[in-house]
Amino acid sequence: MTTSEATAENLSMHVTFVMRSHPRYLAVVRATVGQLAVTAGLEDSESRALVLAIDEALANVIRHAYHGRSDQRIELECHAAAGELKFRIRDSGDPPDPTSIGSREIGCDQIGGLGTHIIRDVMDTVSYRTSPEGNCFTAAKRLRRQS
Amino acid sequence: MDIEGDVDLGTSPDLRRALFGLAGEAPRLALNLQALRYIDSSGIATLIEVLKDCQRSQRQFVLFGLSPAVKEVFHLTHVHRIFQIFDTEEEAVTQA
């Protein structure tokens, strides 16, 4: 993990994780993303929702791109600047199924798709891109201006 | 039954095994979530599975002691509407 910080006046933080696709690392990511979100100015409940969304995106990579294999590479970049928090997740697993990454109506007792719903509900922008180099998930959360 | 710590992709299979082990026997299952710090969609999915299993066999499944953080996840996923949720164990016992 690497971190950098510029000035408090114009917040700029960048955190990069390069990790194996093992669920044990999720708790480390959650702790760091939570701290990053609070430092960037999100309220506690917004911060918790953001942590959940990023956790769900990583869990999707482990579950669907790598089919539960725990020894594959995942790269997560977190960037706070210019009034928003941006996240980029790269993996080299199977590409996401286009029919499963769209948001769906929930509120009943269906089990599938909860994670994707959370991501789309919490984040302001979400996109998926697949290339010969692998899969790339990007998402952003806007920060409200501090008074 | 008390659930504590974090329930995520890594730990939800353990929760599932524990709950299905209990749910197979008890006519009524009450989960104390007071010490649950974190739950993700895999944990919520596990609870839904147990709920559906209990409904099929006409057994009762209730939750109590949810922290504000855990309540937020239930509301975010809209599943608060399908569970019987109480603030305290006493309420879960007397009102369920």
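The values are calculated or read from the model by the stated rules, or taken from the named source; none is laboratory data. Everything numeric in this text was worked out from a predicted model, so none of it was measured. Reconstructed Cβ throughout: ideal geometry from the backbone, glycine too, with neighbour counts over all protein chains shown.
Is it the case, given these coordinates, that B:VAL50 is part of a helix (DSSP H, G or I) and of a type in the set (Val, Ile, Thr)?
Numbers: part of a helix (DSSP H, G or I): yes; of a type in the set (Val, Ile, Thr): yes.
So B:VAL50 fits the description; yes.
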Within region B:35-50, residues being farther than 24 Å from A:LEU58 by Cβ and either crowded, with 16+ Cβ neighbours inside 10 Å or in contact with a helix residue (DSSP H, G or I) (Cβ under 6 Å, 6 or more places away or on another chain) (or both) number 1
Residue pairs within 7 Å by beta carbon, gap of at least six or interchain, first lying in region B:18-38 and closer than 12 Å to B:CYS54 by Cα and in contact (Cβ under 8 Å) with a residue 12 or more places away in the chain, second small (Gly, Ala, Ser) and outside any loop (DSSP other than H, G, I, E, B), listed first then second, are B:LEU29/B:ALA23; B:ALA30/B:ALA92
query = Is there a residue being crowded, with 18+ Cβ neighbours inside 10 Å, part of a helix (DSSP H, G or I) and within 11 Å of chain A (Cβ to nearest Cβ) anywhere in region B:14-26?
reply = no
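Go through region A:34-58 and report how many residues are part of a helix (DSSP H, G or I), among the small types (Gly, Ala, Ser) and in contact (Cβ under 8 Å) with a residue 40 or more places away in the chain.
Qualifying residue count, region A:34-58: 5.
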Counting only strands (runs of 3 or more DSSP E) entirely within region A:61-147, those with at least 1 residues that are touching a strand residue (DSSP E or B) at 6+ places or on another chain (Cβ under 9 Å), modelled with pLDDT of 95 or more and within 13 Å of chain B (Cβ to nearest Cβ) are A:73-81
When restricted to B:GLY10, B:GLY5, B:GLY43, the only residue touching a Pro at 6+ places or on another chain (Cβ under 9 Å) and either within 13 Å of chain A (Cβ to nearest Cβ) or of a type in the set (Phe, Trp, Tyr) (or both) is B:GLY10
Taking region A:24-60 and keeping only residues that are of a type in the set (Val, Ile, Thr) and either at pLDDT below 95 or surrounded by fewer than 20 Cβ atoms within 10 Å (Cβ to Cβ) (or both), one is left with A:VAL28, A:THR32, A:VAL38, A:THR39
